[in-house]
Structures are given as structure tokens and as C-alpha cells.
1. Which percent, nearest 5, of DSSP beta bridges in the chain are antiparallel?
2. Convex hull over the alpha-carbon atoms of region 349-396: what's its volume per residue in Å³?
3. I need the peptides 154-167, 486-499 ranked by packing, meaning the mean over residues of other C-beta atoms within 10 angstrom, with the highest value on top.
4. Please identify every one of the GluC sites (Glu not before Pro) in region 391-435 that sits in a loop by DSSP and has no more than 14 other beta carbons within 10 Å of its own beta carbon.
5. Give or take rounding to whole Å, what are the principal axis extents of the alpha carbon atoms in region 340-438, in descending order?
6. Quick one: Debye curve from the alpha-carbon atoms of region 314-376 only, equal weights, vacuum; give me log10 I(q)/I(0) at q = 0.24, 0.25, 0.27 Å⁻¹ to two decimals.
7. Compute the helix-to-body angle for 479-495: its Cα long axis versus the longest principal axis of the chain, expressed 0 to 90° and rounded to tens.
8. Count charges around HIS456 for me, please; just the other residues with Cβ under 11 Å from its Cβ, Lys/Arg as +1, Asp/Glu as -1.
Amino acid sequence: MIDDLLPRPRAVVALGGTVQWASPLTVSAPARFDGELDTFARDLRRAVGWRVVRVARGAALRVDEDASLAPGAYRLVVDDPSTIAASDGAGLSHALTTLRQLAPASWWSAVTAPATSQALARVRIEDAPRFAWRGVHLDVARHFFDVDEVCRLIDLLAAHRLSHLHLHLNDDQGWRVALRAWPRLTEVGAWRASTPIGHAEDGRDDGVPYGGYYREADVARLVAHAATRHVTLVPEVDLPGHAQAVLAAYPALANVAEPLSVATRWGISPHVLAPSPGALDFVAEVVGAVADLFPGSPVHVGGDECPTDEWSEHARPTMAAHGFTDPRQIQGLFSARAIAALRERGREALAWDEAMDAPLDLATIIVAWRDVGRAVAAARRGHDVVLAAQQRLYFDWANSADPREPVAITRPPQCTTWEDVYGVAVVPEALEGPLASRVRGAQAQLWTEYIADVAHLDYMAFPRLAAFAEVVWGTAGSLTEFRARLVSHLARLDAAGVSYRPLDAGEAP
Ligand code: ACM
């Protein structure tokens, strides 16, 4: 409905009265928009059983290409006929999302709720995203989410006009993508013997083997599905730390001789890649191979939380050869190889903010997670940045201070509420002015040590992700006004089968 669009578009003018739409809905559009309209047709068929048919003239909905509009921008007029203008598929996709929000929540239904006709309020909407990077991160290493589950999340991102899904593909507790040249990464590295029960600090384990990974065909399905939704997938290979699953598979890459298994406890393993020629080649090869599986995507090369104890003890010759005075500088050798593999392929590289503690190519986009200050430092140094500061953008933190919240990585009263998220400044105050253009956008993180299935993923993601979507679209305003729209928006999430956290709940559903 006009009053509950979310994210709020930039300009909405009610024109008064309604137009009546019915199935089959007639649409005319340039052929370049066939893909977006096929997706819209599938959505309407599934939600309300409608058919969408293409006609040459006299359509109820006419789509025009307007090259003067910015990427992702759109103009939507609901009238007789209705029109959409966009310069690209993303803009049209955003317009069709807004159009579905103008209809009742049943237009988001995951189970067909048949309807024959629908009155839509006449309205004119002009809209454009402020930030190009409107990201969500999903850790598929700690808990694995299969292709259908990730495709469902991609649909939910698109429903909130979000743009990027960052997939954290490996960690100490598992490697999740099959690579032909390195079969043991999944034969060995994708499986762990056990998983913690409850909070890691409680020290209990389930003793149940756990694992999973994406085959090449699975990745191809993810890539194809994300393209239909104009969501860019961002694969991450997190090295040289968070490497214990890699070292279990390929012990020759380690600093130490002791055999390692895939980690079964949460937390940061002290075991990291050795700065040997073999391990540096490995990083270049796997980053290149992952990039090849995700055509066109920017690739995240990790670089966070890399303990240097093993390097201090075992990598003295490497330090001497490079004239390093601090073992942290070794990390720069890995970053350089990973980034070179991406540059060869014409891809952008991202890294967590710790990568700046060693020499780093300034073209690398910094995902600033430790705090806002890291985003400020990165932009001042000359990097583009994506704000991911944990204090407000880590959705593995509890939803409230209530001790009855489900087990989360935080302990009460530490939490991040949806209201906190709505208050995020994507451009930190210290970067207002010329450096603001270094901020590509922001990203919400779904780390999954404490998120084992889709129902709980929904609970941790929503409604915080709805608040985040509006913040990063760039139209956040009054919290009270947003809350009223959010209440209506939850009906859409209900229709879509999302098990979000009720706004005032303290307990699990
Ligand atoms: C991180 O949370 N270690 C990026």
C-alpha cells in the first residue's frame, strides 16, 4: 500500500482513486527486460495465481527504457495505463518490487492465494538508491545452507531492494565449495566430527558429524538465481587465518607438523597458513578458481583475525628475507597473491579491515567490521569501504537484552535491536564531505555459529534486515513513522513464510 512501502522510496505522490488490474495482466516492454518480467510473472503466478502476458500495445503496464535514470533508479506510475521507466534491469526489478508492495500482502505469498482482480491506488513514485553496496553476509561455513535456502534468502534480499550477498565459504570449522584442483578441501575439509551445543563457553558438544558443500552445478544455480534478482554474489575465501579446515585437508600448507582435523569448537584457531611458496601459490589458485565459479563477482579475500604466534616461531626466515619487523606484515604476502589473481581476471577485491595492518593494494575495498573507526581510517588511507561495524551490523548478536532471547554469540545484556540498526549512519560523521564518496554502502552480517537452520536465520535476520534495508537505501527518517510501516511490512513477511522475530518478543517463537 502507498503508506507502508519499505524501504521508503524517495518520492511518493498519491494521485487519488484506483485502477483495477486483473489476470491475465498485460505488459509491454523492450526485449532487454524479458528476464525481469519473467521473474515478475513467476512471482505473481506463485503468489496469486495470475498470468502475465506480453502484448505489443494497449498494455495495463508499459515498461520504458529511460537512459537518463541512474543505475538502480526507477519511476513507477500506477494509472491507466501504468508505466515503469528504468535505465537498467536493477531499476526495473526495484520498481516491480515496489509495485508488489502496493498490492496486498498476498502478493508476497509463498503458497498461492488465488485472486482474480485487484484495485491499486493511483500513485507516482520516483526512487533511487543512495548506496550501491546494500549487502548481507551469510556464513555458510559454521552452518551450511543449501542452494534452495540461499536462493530463498536472495529472494528476500531482493524484496528489500538489497544488492549484494557475501558468502563466507570457509572457516576453521568447514570448507564449502568444491574445487577440481583441490579435491581434499571438500572430501576432508567440508566435514567436522562434532558441533558445540549451546554457547561455546558452556563447553558441550553434540558428537554428531556435520558438513556439506556446494558442487560446481550448485554454484551455477546460485549464480543464475542471483542474476534474476539483481543480487550480486560475493564469494569469500578467508585466508591465511581461519584455515584449520584447509590444513586438515592439506597438512603441507601448515607451519607445524602435527596433524589437524577440521575444528569442532567455535573461536579462532591458532593454526594458519605457512608463508611458504606452496601456500602462497595455493591462495592464488583457490582465489582464482573461486572467482572463476562466480563470473563477474567481486571476491572477498578474508584476512581477518589471523593469529601470528606460529609465524613468530616458524617464519623467521621469511621475515628476514623481506626485512619484516612485525609478523603481521606476512599477511601482506597472502593479500598480494590473492589480489593479483583477481586483478588478472579483472575483478575487484575486498578484505576485512585487519588486512590494512600489512601492506595492501589501495584498490582493495575494506569491509570495516571491528568498529566505525576502521571505516574512517580505511577511507582516509584511500580505500573504498563497506561499513559492517559489529556493534550495529552483526545480526548474530542477540535481538534484545532480554535473557530469554535464544542463545546468541553475545551474552545479555549485549544486543543489537532493530531500533539500533535503524540508527546506523552509513557514512560515519568523520567522513562527511569529500571522503563520503569512498563509502560504497553497508553490509549486515549473519555469522552462523548460533544459527543452525533457516527458521533461526529468519529470526535473527528479520526485522533487523528490514530496518537495515531502509538505512542503506538512504531514506531512513523517523523511527516512529518507520515502526508503523514495519508493522504492515511484517504481514508481507508472514505471507512469504518468514519466521521473523516479533517486534516486542523476548523469547524464541
Ligand atoms: C570477523 O567478524 N572476524 C570479520
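The numbers here are math on the coordinates, done by the rules we state, and not lab data. For clarity, every value in this text was computed on a predicted model and none was experimentally measured. Methodologically, a virtual Cβ is constructed for each residue, glycine included, from the backbone with ideal geometry; neighbour enumeration extends over all protein chains shown.
1. Details: 25 of 65 bridges.
Of all bridge pairs located within the chain, approximately 40 percent are antiparallel.
2. Looking at region 349-396, the number lands at 64 Å³ per residue.
3. Values: 154-167: 23.8, 486-499: 18.4.
Descending packing order for the listed peptides: 154-167, 486-499.
4. Values: sites: GLU419, GLU429, GLU432; in loops: GLU432.
Loop-located and lightly packed - GLU432.
5. Principal-axis extents of the Cα atoms in region 340-438, largest first: 50, 32, 22 Å.
6. Per q value, in the given order, log10 I(q)/I(0) is -0.99, -1.02, -1.09.
7. That helix lies at roughly 90 degrees to the long axis.
8. Working: positive: ARG501; negative: ASP396, ASP453, ASP458.
Result for the local shell: -2.
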